[in-house]
Amino acid sequence: MTKKLKNFCFLAGGTDLVVQLKENKLPQIKNIVDLSALTQLRGIKEDKKNAYIGALTKISDIQNSDIIKKYFPALAAAACCLGSKQIRNLATIGGNLVNASPIGDTLPSLFVYGAKIVTTNGKNKKIIPIEKFITGYRKTVLKQGEIVKEIILPKTMNYFSFFKKAGQRKAVVMSKASIALNGLKISGKIKDIKIAAGSVGPRVLRAKKTENFLRGKILQNETIINAVNILAREITPITDVRSTAEYRTHISGEFLKEALCEFAKH
Amino acid sequence: MTEITIIVNNKKHTLTIPGSMTLLELLREKLSLTGTKEGCSKGECGACTVIVNGDAVNSCLMLAAQADGAEIETIEALEKNGRLHPLQEAFINEGAVQCGFCTPGMIMSAKALLDKKSNPTDNEIKTALEGNLCRCTGYAKIISAVKSAAKQK
């Protein structure tokens with residue numbers, strides 16, 4: 001159907017799109033294709049290896065899902081602090097993903113859980129790792145006529161998860177900085193670790209230099225301080241209406257310190 | 001233009017509306033249910049809160065066409081045969097209304113909570129109301145009103 005349609009966009013929850021349309025920020029859009037009737041794109045399933053989150057799953061359903069709380073607690077934590085209850089009852093994880101905002105609340109957690117994005121144009125399906133799916137500021141690899149069908153999250157066992165977001169308020173708040181972490185220790189040493197930082201670059205950043213430093217190490221005070229210093233050099237925050245680059249760097253470091261201290265005790 | 005059928009306050013309506021119309025605009029302009037208020041039009045203040053299929057939502061963020069087939073409850077539904085709902089009575093008795101502009105949205109958010117959880121904790125009340133701004137009351141009396149209404153139910 002969308003092959004014949006011009007100047008259109010897809011609508012999921014609408015919590016960002018409707019505002020943009022009403023503020024006339026998308027004057028080129030003349031048609032809206034409402035996806036909300038596609039109930040097969042809603043819901044969370046699991047098998048032994050993975051969880052499968054339909055793109056139209058509401059943030060409130062992610063927040064309340066036993067599967068997400070058990071295997072992906074950082075994502076559940078992120079869902080809890082997205083917007084407000086009213087927004088969470090409309091907004092979808094697919095919408096948060098496709099918006100690809102650098103401050104998208106669910107994104108850092110999706111990065112540390114190694115999310116794979118399933119896209120479709122109605123005929124053909126692609127599976128794309130999230131780091132290749134989001135290419136820049138509000139940019140994804142989605143082509144015209146393609147939608148996100150679902151998000152695959154590989155399950156991990158005995159991992160430690162962390163998510164924290166800094167903002168002006170506790171709710172209805174755009175984040176100044178956020179940190180997500182997913183890691184595994186064996187005999188006290190870090191065997192595997194993924195760290196993602198939000199709101200400190202044009203897109204969510206996987207802090208790979210910080211991860212490489214931490215891998216194989218025991219979490220002692222000096223290690224944590226060094227990791228925070230490496231993160232500070234890895235992120236590229238800006239100063240804008242919401243915060244300064246200095247504060248964003250500082251709070252990202254504080255959140256990483258908090259995450260690593262908790263990971264040390266895990 | 002698109003035709004939709006919605007149930008608002010237990011009454012069925014079939015309407016032809018522009019695709020760009022929000023649920024808030026439909027309620028206020030097509031159905032003259034002006035109890036639901038327009039505060040910010042961006043989903044940040046909660047003055048437009050209504051209950052759709054049991055969930056509190058910002059009606060300014062929902063396109064009316066997306067409400068096709070939905071059951072919607074607005075503030076007008078609460079009073080029945082001249083009797084105020086326990087939430088409305090509690091808001092009055094506790095002094096939780098000053099200018100009153102946020103009140104319909106506050107009450108609908110609170111109702112959505114109490115419909116699902118009859119004995120919420122203080123934190124659950126605050127979370128349910130976190131998307132509703134009030135410039136007048138300082139929120140304390142609003143929270144007391146919701147607690148009081150919960151006890152009445």
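A few notes on this one:
- About its Cα centre, the dipole of the stretch B:84-135 is roughly 120 debye, where the only charges are +1 on Lys and Arg Cβ and -1 on Asp and Glu Cβ.
- A simple count of charges around B:Met21, restricted to other residues whose Cβ falls under 15 Å of its Cβ and scoring Lys, Arg +1 and Asp, Glu -1, yields -3.
- Within the accessible area of the stretch B:34-108 (1.4 Å probe), percent carbon and sulfur: 44 percent
- Rounded to the nearest 20, the size of the Cβ-charge dipole of the protein assembly as shown about its Cα centre is 1340 debye, with Lys and Arg at +1 and Asp and Glu at -1.
- Per residue of peptide A:32-42, the mean number of Cβ atoms on other chains within 10 Å of the residue Cβ is 2.
- Based on protein heavy atoms only, chain B ends up with 47 Å² per residue of surface accessible to a 1.4 Å probe.
- Radius 9 Å from Cβ of B:Ala112, net charge of other residues (Lys, Arg +1; Asp, Glu -1): 0
- Reduction of at least 50 Å² in accessible surface, 1.4 Å probe, comparing all protein chains with the chain by itself, residues of the stretch A:73-90: A:Lys85, A:Gln86, A:Asn89, A:Leu90
- Listed residues A:Lys155, A:Lys191, A:Lys165, most fluctuating in chain A (Gaussian network, C-alpha, under 10 Å): A:Lys191
- Peptides B:44-55, A:89-100 ranked from most to least packed by the mean count of surrounding Cβ atoms within 10 Å: A:89-100, B:44-55.
- Euclidean distance of C-alpha centroids, the stretch B:63-82 and the stretch A:81-138, integer Å: 31 Å
- Whole-Å distance, taken between Cα centres, linking the stretch A:197-266 and the stretch A:14-32: 35 Å
- Net charge contributed by nearby residues that have their C-beta within less than 13 Å of B:Ile51 (K/R +1, D/E -1): -2
- Global form of the stretch A:99-200, assessed from the alpha-carbon gyration tensor, a/c cut-off 1.5: oblate
- Chain A packed on chain B takes about 1700 Å² of accessible surface away from a 1.4 Å probe, both sides summed.
- Spin-label proximity, B:Glu76 to the stretch B:13-38 - amide N less than 15 Å from point 7 Å beyond Cα toward beta carbon: B:13-15, B:23-38
- Cβ-Cβ FRET estimate between B:Lys12 and A:Asn229, R0 fixed at 45 Å, reported to 0.05: 0.10
- Distance between the C-alpha centres of the stretch B:100-153 and the stretch A:142-161: 35 Å, rounded to the whole angstrom.
- Residue-averaged beta-carbon neighbours from other chains (10 angstrom radius) around A:13-24: 4
- Accessible carbon and sulfur surface of chain A relative to its total accessible area, %, 1.4 Å: 52 percent
The values are calculated or read from the model by the stated rules, or taken from the named source; none is laboratory data. What you see is a predicted model, and the numbers here were worked out from it, not measured in a lab. Every residue, glycine among them, receives a Cβ derived from its backbone with ideal geometry; neighbour counts consider all protein chains shown. In case anyone asks, the SASA skips ligands and DNA or RNA and just uses the protein heavy atoms, side chains included. Shrake-Rupley method; radii C 1.70, N 1.55, O 1.52, S 1.80 Å.
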